[in-house]
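Some notes on the structure that comes next.
The values are calculated or read from the model by the stated rules, or taken from the named source; none is laboratory data. Not measured: the values here are computed from a predicted model. Reconstructed Cβ throughout: ideal geometry from the backbone, glycine too, with neighbour counts over all protein chains shown.
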Amino acid sequence: MASTYLSKTYGSAGNRKTMTFSFWIKRGNLSTAQYPMSIIDSGSGNQADMRFDATTDVFRMYSTDTSGTPFAIHLVTDRVFRDTSAWYHIVWEIDTTQATESDRVKLYINGVRETSFSTETYPAQNTDLRWNGTSGSAGGVTQIGAINGNGAFDGSMAHVHFIDGTAYDASTFGETDATTGIWKPKTAPSVTYGTNGFFLKFASAGSLGTDSSGNGNNFTVNGSGTQTQDTPSNVFATLNPLHRGSYLSGLTFSNGNNTIVSSEGGSNYPYTYSTLAVSSGKYYSEFKCTSNPTLAMCGISSGVANQYLGNGSEEYGYFGDNGSVYNSGTSNAFGSSLSANDVVQVAMDLDNNYVYFGINGTWQNSGDPTSGATGTGGFSITATSSLSTGVYHFACGDAGTETPTIQANFGNGYFGTTAVSSAQSPSDGIGLFEYAVPSGYKALCTKSINAQEYS
C-alpha cells in the first residue's frame, strides 16, 4: 500500500467518547513513518493519528480534542516493532467516560494489553476526541494507510474494524489457536458497529474500500492497492530489511519488502534473505530482475553474512552476468545470462540436497527439479544438518558496480505491484506464481511449512 490509501469524509460525527479500532498489520519498509490510520481537519489542521515512528519503530497514538487542544491522547510504547516476518494485531479500546485515567485508552498487541509507555498522556474524563467523523464545518477526512493525503504505509493490512460507540477489548476480535497457541483473527466478530463504524476486510481486489459491516461506509481507494495471498492466517515470506549480508547499507526495500533496489554501485555487494527459512522439504520462488539484471544474484543462503551471495560455503547464487552459480567464491558454469525483466526460478530440494535454477520457464543445465536423489541438472548443496544455522533462506542481491532492481515472488502472486499473468499454483494449491511450479514443491509460507514439518 505504499502508494495507496483509503479515505472517507463522514456527513456527521459519531460518538466522540467511546470507540474501538482493531486491525491486523504486517510491516514493510522500516525507514519511514508508517500511518495505519489518521484523521485530518482540512479547515483547522487538527488531527489524530496512529503511527510507527520512522527512526525508532515505536508505536504511538496521538489525538487532539474537538476544540483542537493538543495531546488529549499521546501514548508512545517503550518497545519497538521491527518484525517484518509476521502480522501484528492491534486494538485501541477508547472510553473517556471511565473514572480511572489509564482505563480511558487501552492498547492491545496480539491479545495482550500494553502497559509500559515512554510517553503516557490520557484524556480528561468525558473528553470529546478528534476521532470519529467530521468536526463542525472543517470536514474531517478519515484515512487508512496515510496522513494528510500522503500514502505513507508500506506493508499489508487486514480485518480493519472501527466501532462507533462501544469499547471492545482484543478478545472480541482475536483468539488463541488451540493447536498452535498463536493469536489468530475472528473472521466474523460479534460487535455493534454504530453509525460510523466500518469493517474493511479487503475481500475483493477490485473494491478494496468496500465496508462489510452492513453500514455502507465505503472508502475511496486512492492509488492502486494490491490484494496478496499473505494473511494473518497464512504468512508468506518477504525479503528482510534487517538482514542484508555483510553490508547493511545500499539496499532500498519497497512493495511490502518484496522489491529491492541496490544503490551501492561499488565494491560492496549488499544482499538480503527471506524472512522465513526451512530445514527440510521442497520450496520454490521467483525473482524478476527488472533493471541491470547482469549484476543481480539470486539463490539460497544459510543466513551467514558474507561479501556477496555465493561468496560463502553455505550459499549459492545465480549470477546474471554469465549464468554461473557461485559457491565458496567459486564460479561454476551453469546456464544463461539474464536480460531485463527475466524471471529467475529457484527450486530448493532439501530432502535430496540440490538447488535448481530456471529462467522464464526453462530449467537451466537441463535441470529436472522432480528427479529426486538423482539431482538431474541440479547444483549439489550442503545438507541442512551440516549448516551452521541448520536452515536455508531464499536470497537475492547485488553483485557488481551497477545497481539492479529485483522483485521477489514467494507466492504472493505479484512482481512489485503487477500481478503474475498465468497464476500457477503449487500442488498444495497455496500461492501464485508466473511459471509452473515443479510437482512436490511449495511456496515459502507458514501453512506450507507447517504441513511439511508436521505431516
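In table form, for the structure just shown:
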read-out	value
Test: Thr64 is crowded, with 21+ Cβ neighbours inside 10 Å, in contact with a strand residue (DSSP E or B) (Cβ under 8 Å, 6 or more places away or on another chain) and modelled with pLDDT of 95 or more	no
Check on Leu75, hydrophobic (A, V, I, L, M, F, W, C), over 26 Å from Ser212 (Cβ atoms) and in a strand (DSSP E or B)	yes
Candidate set from the stretch 298-329 (those that are modelled with pLDDT of 95 or more and aliphatic (A, V, I, L, M)); member that is nearest to the chain's Cα centre (by Cα)	Ile300
Residue match in the stretch 217-227 (condition: in contact with a Lys or Arg (Cβ under 7 Å, 6 or more places away or on another chain), surrounded by fewer than 18 Cβ atoms within 10 Å (Cβ to Cβ), of a type outside the set (Gly, Ala, Ser) and at pLDDT 95 or above)	no
Members of the stretch 259-280 that are surrounded by 20 or more Cβ atoms within 10 Å (Cβ to Cβ) and either at pLDDT 95 or above or hydroxyl-bearing (Ser, Thr, Tyr) (or both)	Thr259, Ser262, Tyr269, Tyr271, Thr272, Tyr273, Ser274, Thr275, Leu276, Ala277, Val278
Filter result for the condition that a residue is touching a residue at least 12 places away in the same chain (Cβ under 8 Å), surrounded by 14 or more Cβ atoms within 10 Å (Cβ to Cβ) and over 15 Å from Thr166 (Cα atoms), over Ile94, Ile109	Ile109
Qualifying strands (runs of 3 or more DSSP E) (wholly inside the stretch 143-253; at least 2 residues being of a type in the set (A, V, I, L, M))	155-164
Conditions (1) touching an Asp or Glu at 6+ places or on another chain (Cβ under 8 Å); (2) crowded, with 19+ Cβ neighbours inside 10 Å: number failed by Thr376	(2)
All positions within the stretch 407-455 that are of a type in the set (Ser, Thr, Tyr) and in a loop (DSSP other than H, G, I, E, B)	Thr417, Ser421, Ser422, Ser425, Ser427, Tyr435, Ser439, Tyr441, Tyr454, Ser455
Ile73 being without any contact (Cβ under 8 Å) to a residue 60 or more places away in the chain and buried (at least 18 other Cβ atoms within 10 Å of the Cβ)	yes
Criterion violated by Arg104 - all others in (1) under 24 Å from Thr238 (Cβ atoms); (2) of a type outside the set (Val, Ile, Thr); (3) touching a Pro at 6+ places or on another chain (Cβ under 6 Å) satisfied	(1)
Hits in the stretch 188-205 - residues which are under 20 Å from the mean Cα position of the chain (by Cα) and either touching a residue at least 60 places away in the same chain (Cβ under 8 Å) or surrounded by fewer than 16 Cβ atoms within 10 Å (Cβ to Cβ) (or both)	Leu200, Ala203, Ser204, Ala205
Candidates Asp164, Asp169, Asp230 - the one that is of a type in the set (Asp, Glu), in contact (Cβ under 8 Å) with a residue 24 or more places away in the chain and surrounded by fewer than 17 Cβ atoms within 10 Å (Cβ to Cβ)	Asp169
Single residue of Asp103, Asp41 found to be at pLDDT 95 or above, among the acidic types (Asp, Glu) and over 25 Å from the mean Cα position of the chain (by Cα)	Asp103
Residues of the stretch 48-97 satisfying the condition of being under 25 Å from Ile182 (Cα atoms) and aromatic (Phe, Trp, Tyr)	Phe52, Phe59, Phe81, Trp87, Tyr88, Trp92
Search result, residues across the stretch 334-386 that are in contact with a helix residue (DSSP H, G or I) (Cβ under 7 Å, 6 or more places away or on another chain) and closer than 23 Å to Ser291 by Cα	Phe334, Gly335, Ser336, Ser337, Leu338, Ser339, Ala340, Asp342, Phe357, Gly358
Extreme residue, surrounded by the most Cβ atoms within 10 Å (Cβ to Cβ), among residues of the stretch 379-399 that are part of a loop (DSSP other than H, G, I, E, B) and polar (S, T, N, Q)	Thr382
In the stretch 354-366, the residues that are over 18 Å from Met297 (Cβ atoms) and more than 31 Å from the chain's Cα centre (by Cα)	Ser366
Hits in the stretch 311-350 (condition: of a type in the set (Ser, Thr, Tyr), under 15 Å from Ser366 (Cα atoms) and without any contact (Cβ under 8 Å) to a residue 24 or more places away in the chain)	Ser324
Exclusive hit being in the same structural domain as Phe357 (by TED's automatic domain parsing), more than 19 Å from Thr370 (Cα to Cα) and either surrounded by fewer than 24 Cβ atoms within 10 Å (Cβ to Cβ) or touching a Gly at 6+ places or on another chain (Cβ under 8 Å) (or both), set Ala408, Ala436, Ala419	Ala419
Unmet criterion (only one of (1) under 16 Å from the mean Cα position of the chain (by Cα); (2) on the phi > 0 side of the Ramachandran plot) for Gly281	(1)
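Residues checked against (1) farther than 22 Å from Lys184 by Cα; (2) hydrophobic (A, V, I, L, M, F, W, C):
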{"residue": "Ala33", "(1), (2)": "yes, yes"}
{"residue": "Met37", "(1), (2)": "no, yes"}
{"residue": "Asp49", "(1), (2)": "yes, no"}
{"residue": "Val58", "(1), (2)": "yes, yes"}
{"residue": "Met61", "(1), (2)": "yes, yes"}
{"residue": "Gly68", "(1), (2)": "yes, no"}
{"residue": "Val76", "(1), (2)": "yes, yes"}
